[in-house]
Amino acid sequence: MTEVKTPETAGTGEPVLQFQNLDINFRTEFGHVHAVKGIDLVVNPGEVVALVGESGSGKSVTATTALGLLPRTARITGETVVADQTISKLTPRGLRAIRGHRVAMVFQEPMTALNPVIRIGEQLTEAMEVHNVAYGRVAWNRAIDLLKAVGIPNAERRASQYPHELSGGMRQRVVIAMALACDPEVIIADEPTTALDVTVQADILDLLRSLKDKLNTGILLITHNMGVVADMADRVAVMFKGKIVESGTAEEVLLHAKHPYTKKLLDAVPHLGSGHGQFGSAPADVAEDAPLALEVSDMAVEYKRAGKKPFRAVDGVSFDIRSGEIVGLVGESGSGKSTVGRALLGLIPSAAGKVSVLGEDLLRLRGKQVKALRRRIGVIFQDPAASLNPRLPVGDVISEPLEVHKIGDKNSRQQKVHELLDAVALPRSAYNRYPHELSGGQRQRVSFARALALSPDLLIADEPTSALDVSVQASVLAMLIELQRDFGFACLFISHDLAVIDSLAHRVVVMQHGKIVEKGTREEVLLNPQQEYTKRLLAAAPVPNPIEQRQRREERHALLEFLGEEVAEIDTRELGQ
Amino acid sequence: MSDDTTNEETMSEQQSAEAFEVEENLEDAAGHRSYSQGTLIRRRFFRHRGAMVALTVLTLIVLMAFTSAGIGPIPGWWPKNFIDLYPNTGGPEPTLRLWPFRIGEHPFGKNTIGKDYFALVMEGTRKSVIIAFVVGIIATTIGTIIGAAAGYFRGIIESLLMRATDLVIIIPLLVLASVLGRMSNGNNVLLLALVLGVVVWTGMARLVRGEVLSLREREFVHAARAIGTSHWRIIFRHILPNAIGTIVVNATLLIASAILLETALSFLGFGVQSPQTSLGLLISDYQSALTTRPWLFWWPGVFILAIALCVNFIGDGLRDAFDPRQQMD
């Protein structure tokens, strides 16, 4: 505890973090990459500045300079100033003295940011001992205080546990406690909630917000999520291709965007409650008496565990999809929604129940019949980088299903691939490209082309847009709706994002802990939810409008209070201030 | 900021916004040329200086060894062979001089009974290289198939295959190889190579299994299964091409260790038998000549060292080429 800060000084005083004409060049195998092109940015104490941009815009690289952690292949000009220290003028020893002590980092993935073989308490004390803040018993007690402060119950017991024993949200709280260990002037939060579920995200954001209010810490928030920006930021800087194209207060930028890029970015964000047609055409209506493409009744999926009872990941799930209908399957991580998708594809066996796909009983089919059925089901996975074989060119990837099912000859397959490339709006020259040469959105288009190669009757899309940037997501969603109208397939759309589901689904199924919590038409579930869990999910989803978001936040806090729960915030009493 | 620059700024901002619109263009994504992963790896490999030097030296050694005695009907450029005696052509010392450069009558000298040692060493190199490469190919094939099957199918197949692998591993390699080598009759080099290949595949099998275990959980494998692709098509088209880095790197290291294994076996008298010769046999024959005619010991030693080093360097270069993150900061 080097100095005690009081909330009265909020928003005043010397800036805690400044980037002055920062310019970063990377040397790579293919020549130089100009990642950051001369940007200026200031973070004041007690202020949250959001640095917004899509992948490759240079936002993370910018923030990393504050810790002096860029690889040696980077050439940096301009200055990064933390409090009164200029990073480029520091010796390695001076840099180490700053890291964690004056500027701390909250990483995106709480699992990988914590060392799995060291106990939580020891990870917290390490930073204190390195920076001569506290030692031994004193440090341990402070670690426990920190854990209490970030709202971890049973802090004494948690401190002697290992990271894998904590949930994702708990781990992120630990990471925040680590960042607070030496009482830094500025915290850099690099996508701190991207890996978390919406309800957990809302808690973590509440906690971060209380940091700036109560400890007067400056926060540089790096994110691509406009909803998070609206919820958290005082000021916003929009970054595009290494440049800041627009900056101002959150209201200015989010409500009255001037730069065309910012406008485009905001237009691409799906709005919860805006319904179909957000990205152009709306999916076609489905007749009430349309035949069923998929009927699941009482399905259960179990994972075998050595020496233990099997774990039931999905239990008693029943729903159906009519042909030509899009059904959204929503849930947080661990809800079993992806497991349902995989079981429907036959990738994992179902333990009980009845699954009827396109009129055939999936659980009874064997050998050739399964192969014949797979012809009629298309699939799209979450991460296009992982779901395309990196060794095969795009043409081969798309024609793979045709080859496997021995359809047509070489020429007709090539013809079909060209048609599919046209359908997903990729140029025909993509035929001989390799997946790593394409952008994320283009890769996902290739996935769609592959899934549609056999003109399936049912498409299972497992989080097809959650690995994509928001503007790319918008174009991919628009394409999916177009394709659905043209091809008329039934679609099970699995997602954690309620706003995305809102933009395309006819009906919605909500899952929690392997069971269905609520199901019904889109309007019923998203606009008038009956179950507490669905209400919570909807309340936690942030919208990209600071004023509306403030209102939603207060409504959410009211809901939490009604449910008898506390709002996450830093407990300064535990920090001895 | 003056008005001029502000104007310029907005202009460029508009341009960048337009650039954003066309980002979905392919040319924007990755230059104008299409590079497959193979091309990228080749490029990186050819830039690895150590590997390129090693590749050149190894090629020269192999070329020298095979052309000196001729291949099939084509006569070689070295007039002497490794069987005839040349007792009447000067002393036994090497006649090779670097400065002024002179090859002379017997560049590597003569052995104790008057055979041309250059011809002997070249013959030994030929045999050692043939054995090494045949062993490399056989062991890689066996190891890859067993490892891939074990890693992909899991369950009882994996248990059987990997316990069989363990069984081969627990028997000391040299004992197993020498027994099999003895049985194969040292005069047939290819048979000896085959036998050695059958005992050294275990390491490869374990590595490939590990690689396949992680690859089979990748989404593109799930995607292939969801399409209805058969198991062996998945293994050969989707999994093994992605494990090629591990396989190729280990194959080169396998070749290097095969040379040393053959040398050790021949040295112990269980490998290549006279009148055939190999580098290991030459060393074994003349180990006592180290004090009287040291070149009889040094020349085959230098060649073994050079070949093993070169192959290792090439393996190193391949590993860097396949996994560029290792050498970057």
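Numbers below:
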quantity: Count of the stretch A:399-421 residues which are more than 21 Å from residue A:372 (Cβ to Cβ) and either within 14 Å of chain B (Cβ to nearest Cβ) or not acidic (Asp, Glu) (or both); calculated: 8
quantity: Boolean, residue A:60 is closer than 27 Å to residue A:262 by Cα, touching a strand residue (DSSP E or B) at 6+ places or on another chain (Cβ under 9 Å) and among the polar types (S, T, N, Q); calculated: yes
quantity: Test: residue in the stretch A:536-545 that is in contact with a strand residue (DSSP E or B) (Cβ under 9 Å, 6 or more places away or on another chain), outside the structural domain of residue A:228 (by TED's automatic domain parsing), modelled with pLDDT of 85 or more and among the polar types (S, T, N, Q); calculated: no
quantity: Hey, residue B:243 touching a helix residue (DSSP H, G or I) at 6+ places or on another chain (Cβ under 7 Å), away from every other protein chain (no Cβ under 13 Å), more than 30 Å from residue A:457 (Cα to Cα) and assigned to a helix (DSSP H, G or I) or not; calculated: no
quantity: Single match in A:425, A:372 (criterion: small (Gly, Ala, Ser), at the interface with chain B (Cβ under 9 Å from one of its Cβ atoms), closer than 20 Å to residue B:234 by Cβ and surrounded by fewer than 21 Cβ atoms within 10 Å (Cβ to Cβ)); calculated: A:372
quantity: Selection within the stretch A:127-144 - touching an Asp or Glu at 6+ places or on another chain (Cβ under 9 Å), crowded, with 17+ Cβ neighbours inside 10 Å and assigned to a helix (DSSP H, G or I); calculated: A:139, A:140, A:143, A:144
quantity: Residue that is polar (S, T, N, Q), within 14 Å of the chain's Cα centre (by Cα) and modelled with pLDDT of 85 or more, where the choices are B:230, B:257; calculated: B:257
quantity: Every pair of residues 6+ apart whose Cβ atoms lie under 9 Å, when the first sits in the stretch B:47-73 and is closer than 17 Å to residue B:132 by Cα while the second is in a loop (DSSP other than H, G, I, E, B); calculated: B:66/B:76
quantity: The lone exception for residue A:445 - which of (1) at the interface with another protein chain (Cβ under 7 Å from one of its Cβ atoms); (2) of a type outside the set (S, T, N, Q); (3) in contact (Cβ under 8 Å) with a residue 24 or more places away in the chain it fails; calculated: (1)
quantity: Extreme residue, nearest to residue A:497 (Cα to Cα), among residues of the stretch A:448-458 that are away from chain B (no Cβ under 11 Å) and not in a loop (DSSP other than H, G, I, E, B); calculated: A:448
quantity: Matching residues, the stretch B:111-147, being aromatic (Phe, Trp, Tyr) and crowded, with 20+ Cβ neighbours inside 10 Å; calculated: B:117, B:118
quantity: Filter result (touching a helix residue (DSSP H, G or I) at 6+ places or on another chain (Cβ under 7 Å) and free of Cβ contacts under 8 Å to residues at least 40 places away in the same chain) within the stretch A:103-124; calculated: A:121
quantity: Qualifying position, being modelled with pLDDT under 85 and more than 10 Å from chain B (Cβ to nearest Cβ), among A:359, A:328, A:336; calculated: A:359
quantity: Filter result for the condition that a residue is of a type outside the set (D, E, K, R), in the same structural domain as residue A:452 (by TED's automatic domain parsing), free of Cβ contacts under 8 Å to residues at least 12 places away in the same chain and within 23 Å of residue A:303 (Cβ to Cβ), over A:386, A:372; calculated: A:386
quantity: Selected residue (criterion: farthest from residue A:214 (Cα to Cα)) from residues of the stretch A:47-61 that are at pLDDT below 90 and crowded, with 17+ Cβ neighbours inside 10 Å; calculated: A:56
quantity: Verdict on residue B:150 being away from every other protein chain (no Cβ under 14 Å), within 29 Å of residue A:382 (Cα to Cα) and part of a helix (DSSP H, G or I); calculated: yes
quantity: Test for residue B:226: is it without any contact (Cβ under 8 Å) to a residue 12 or more places away in the chain and crowded, with 22+ Cβ neighbours inside 10 Å; calculated: yes
quantity: First in the stretch A:75-90 and of a type in the set (D, E, K, R), second anywhere and at pLDDT 85 or above, Cβ under 6 Å, 6 or more apart; calculated: A:75/A:25; A:79/A:20; A:79/A:86
quantity: Output for the stretch A:91-126, where each listed residue is in a helix (DSSP H, G or I), of a type in the set (Val, Ile, Thr) and crowded, with 19+ Cβ neighbours inside 10 Å; calculated: A:98, A:120, A:125
quantity: For residue A:551: the one exception among (1) of a type outside the set (Val, Ile, Thr); (2) without any contact (Cβ under 8 Å) to a residue 60 or more places away in the chain; (3) within 26 Å of residue A:266 (Cβ to Cβ); (4) assigned to a loop (DSSP other than H, G, I, E, B); calculated: (4)
quantity: Top-ranked residue in the stretch A:70-90 [being part of a loop (DSSP other than H, G, I, E, B) and surrounded by 13 or more Cβ atoms within 10 Å (Cβ to Cβ); ranked as nearest to the other protein chains (Cβ to nearest Cβ)]; calculated: A:73
quantity: Only one of A:503, A:475 that is within 13 Å of chain B (Cβ to nearest Cβ) and assigned to a helix (DSSP H, G or I); calculated: A:475
quantity: Residue under evaluation residue A:440, criteria (1) at pLDDT below 85; (2) more than 11 Å from chain B (Cβ to nearest Cβ), criterion not met; calculated: (2)
quantity: Unique residue being outside any helix (DSSP H, G or I), buried (at least 23 other Cβ atoms within 10 Å of the Cβ) and in contact with a helix residue (DSSP H, G or I) (Cβ under 8 Å, 6 or more places away or on another chain) when the list is A:346, A:328; calculated: A:328
quantity: Selection within the stretch A:375-391 - facing chain B (nearest Cβ under 8 Å) and not charged (D, E, K, R); calculated: A:377, A:379, A:381, A:382, A:386, A:387, A:388, A:389, A:390
quantity: Within the stretch B:271-329, tally of residues that are modelled with pLDDT of 80 or more, within 29 Å of residue B:48 (Cβ to Cβ) and touching a Pro at 6+ places or on another chain (Cβ under 7 Å); calculated: 1
quantity: Filter result for residue B:263 (at pLDDT below 85, under 18 Å from the mean Cα position of the chain (by Cα) and of a type in the set (S, T, N, Q)); calculated: yes
quantity: Within the stretch A:193-298, helices (runs of 4 or more DSSP H) holding 2 or more residues that are among the polar types (S, T, N, Q), surrounded by fewer than 19 Cβ atoms within 10 Å (Cβ to Cβ) and touching a Phe, Trp or Tyr at 6+ places or on another chain (Cβ under 8 Å); calculated: none
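The values are calculated or read from the model by the stated rules, or taken from the named source; none is laboratory data. In this text, all values refer to a predicted model and were calculated from it rather than measured experimentally. Cβ sites come from the backbone with ideal geometry, for glycine too, and all protein chains shown count toward neighbours.
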